[in-house]
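Undergrad: Before I ask anything, let me first share the structure, which is written out below as structure tokens.
The values are calculated or read from the model by the stated rules, or taken from the named source; none is laboratory data. If you're wondering where the values come from, they're calculated on a predicted model, not measured in any experiment. Heads up, the Cβs are rebuilt from the backbone with ideal geometry, glycines too, and the neighbour counts pull from every protein chain shown. All accessible areas refer to the heavy atoms of the entire protein, side chains included, with ligands and DNA or RNA removed. Shrake-Rupley method; radii C 1.70, N 1.55, O 1.52, S 1.80 Å.
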Amino acid sequence: MSHIKVECKYCSPHHKKTQVHATPRDWEMHPSWITGMEALNAYGDWVSSVVLPIAFQWIEEHKPEVYATVPEELKDDVGVVIAAAFKLVKELSTYKEGQEKGAAYEAAVADGTWDPSKTNPVWTRIVKKVRTETEAAFAE
């Protein structure tokens, strides 16, 4: 997983396959630990390869505003630049609307009125399959 900036540009990693560095052999660690670490690594690769390029495209389109508060010596610091961009994003209507929708979602989940049937159907299907197959593997 790489989060690298060079000359104020995000350098996207190009992983063809999720790689866990120093991957334990199958028999060395508990299966849940190995599965968890591999899943976290896959998530990190997705963030690096898909989510951050979107974020840095937005940053590029709003470069003067984002970099206005970033000191020269920190312009290639991913965390500093993302923090500066997020500070701006938090003031935008879409973010504020999302905060309101998030509160409404949490309330609906809490009171049992949320209908999840159309929410992330692909991820939901994968999660159900992973959980079912994991339970079956341990039961076996």
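Undergrad: Which FRET efficiency value, to the nearest 0.05, do you get for THR132 and ALA104 by plugging their Cβ-Cβ distance into 1/(1 + (r/R0)^6) with R0 = 41 Å?
TA: So, using R0 = 41 Å, E works out to roughly 0.85.
Undergrad: Which is the longest stretch in the chain that no exposed loop site breaks, taking sites as trypsin sites (Lys or Arg not before Pro) with a DSSP loop state and at most 13 other Cβ atoms within 10 Å?
TA: Segment 26-89 is the longest.
Undergrad: Right, here's the next one. Which GluC sites (Glu not before Pro) from region 78-112 combine a DSSP loop assignment with at most 14 other Cβ atoms within 10 Å?
TA: GLU91
Undergrad: Heavy atoms only, probe 1.4 Å: what % of the accessible area of region 30-140 goes to carbon and sulfur, would you let me know?
TA: In region 30-140, the share of accessible area belonging to carbon and sulfur is 61 percent.
Undergrad: What is region 29-140 by shape, rounded, prolate or oblate, if you read a ≥ b ≥ c off the alpha carbon gyration tensor as root eigenvalues and call it rounded for a/c under 1.5, prolate for a/b larger than b/c, and oblate otherwise?
TA: Taking the square roots of the gyration eigenvalues as a ≥ b ≥ c, region 29-140 is oblate.
Undergrad: Hey, another quick one. Just want the answer: with Cβ charges of +1 for Lys and Arg and -1 for Asp and Glu, which residue in ILE126, THR94, VAL50 is farthest toward the dipole's positive end in the chain?
TA: The Cα lying farthest towards the positive end belongs to ILE126.
Undergrad: What residue among ILE126, ILE82, ILE59 shows peak mean-square fluctuation when the chain is described by a Gaussian network model with Cα springs under 10 Å?
TA: Result: ILE126 has the largest fluctuation of those listed.
Undergrad: If you don't mind, another one. Based on the Cβ-Cβ distance of TRP58 and GLU38, what FRET efficiency does E = 1/(1 + (r/R0)^6) give at R0 = 41 Å, to the nearest 0.05?
TA: Here the calculated transfer efficiency is 0.85.
Undergrad: Taking R0 as 35 Å, what FRET efficiency do you get between ARG25 and PHE86 from their Cβ-Cβ distance, rounded to the nearest 0.05?
TA: 0.30
Undergrad: Mind counting lysine pairs for me in the chain? Cα separation below 17 Å, and the two need to be 8 or more apart along the chain or on different chains.
TA: Taking the Cα cut-off of 17 Å, the pair count is 12.
Undergrad: Moving to a separate point now. How far, in nm, would the chain grow between VAL51 and ALA68 when pulled straight, counting 0.36 nm per residue and subtracting the alpha carbon separation?
TA: Separation in residues times 0.36 nm, less the Cα-Cα distance, equals 3.8 nm.
Undergrad: Select from GLY102, GLY36, GLY112 the residue whose mean-square fluctuation is largest in a Gaussian network model of the chain (Cα-Cα springs shorter than 10 Å).
TA: Among GLY102, GLY36, GLY112, the largest mean-square fluctuation in the Gaussian network model of the chain belongs to GLY112.
Undergrad: What size of dipole, in debye to the nearest 20, comes out for the chain about its Cα centre when the only charges are +1 on Lys and Arg C-beta atoms and -1 on Asp and Glu C-beta atoms?
TA: Rounded to the nearest 20 debye, it is 320 debye.
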